[in-house]
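Accompanying notes for the structure given below.
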Amino acid sequence: MEQNFLKNILSDIRVELTEEFDRNFERKAFFDRPWDEVKIPNKRGSLMMRTGKLRRSIRSQIMADAIRFTSSLPYANIQNEGGTIVVTRKMQKFFWAMYYSLAGRMVYSVKTKSATNTKRNKALTVEAQYWKAMALKKVGSRIIIRSRRFIGAHTQVDILVTKVCDSNFKELDNYIKDKFISKNFKT
C-alpha cells in the first residue's frame, strides 16, 4: 500500500509537470518569466519553437522516489541553463552556408540587377546579415547563449506538487474511511 501510494503521487506529479513544462513552449516563457526576445524575429515562431524538436525531445521517468526530466538533444541543457559556446571551424562553415542560402533567395531587379525593396528582401537581408556577422567571428571566440528555461524549479512547480499531494492524501483519507471506519463502526 505504501509503495503504491508513493508511486501514484509520483505518477500524478510526473503527468502534471510534463504538461506544464510543455506549455512553457506555448507561453514562450518559464511559467510567468518570459523568454528574452531574439535578435532576429523568425516567421516560423519563437527561437524555441522553430522546429519543435526540443519540445518533442523532453522525456520524464520516475526513479525510486524522484522524477527525472531529460532530452536527447545536445543543446537542450544550454538552452535551459544558458552558457557560452566556442566557435569552431565547422560552425563557421555552417554560418557561411546559412548566409549564402538566404542571400540566394533574395529577389533582384532585372533592369538594375540589385535587390528589390520588398518586405521579403528586407527580412532576408536582416537575417543574412546576422549569419554573416556570425560567420565572421574568429574561431575560438565565444558566443553567449542566454538562458531560456523551460524545465526546472519554480513556485508554480511547488504549488502543483502540493496540489497533487493534497489530492492523493484526500483520496487516501476517503479510502481509509470507507474501508475501515464504516465497516468497524456500523450503527
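A few notes on this one:
- Hits among aspartates and glutamates - C-alpha to C-alpha of residue 170 under 17 Å, sequence gap 8 or more where chains match: 2, 12, 178
- Taking amide H as placed 1.01 Å from N in the peptide plane, residue 29 has its amide H under 5 Å from the amide H of 35, each at least 5 places away in sequence or on another chain.
- Two-site label geometry, residue 19 and residue 100: point separation in nm, points 7 Å out along Cα→Cβ: 4.9 nm
- The loop-placed trypsin sites (Lys or Arg not before Pro) in region 58-92, going by DSSP, include none that has at most 14 neighbouring Cβ atoms within 10 Å of its Cβ.
- Relative exposure of 161, 139, judged by other C-beta atoms within 10 Å (fewest first): 139, 161
- Entries in 53/163; 7/28; 111/137; 28/132; 7/163 that, when Cα-Cα distance is taken, lie over 24 Å: 53/163; 7/28; 111/137; 28/132
None of the figures in this text is laboratory data; all of them are computed from the coordinates on show. Everything numeric here is computed off the predicted structure, so don't read it as measured data. Cβ: placed from backbone, ideal geometry, glycine included. Neighbour counts: every protein chain shown.
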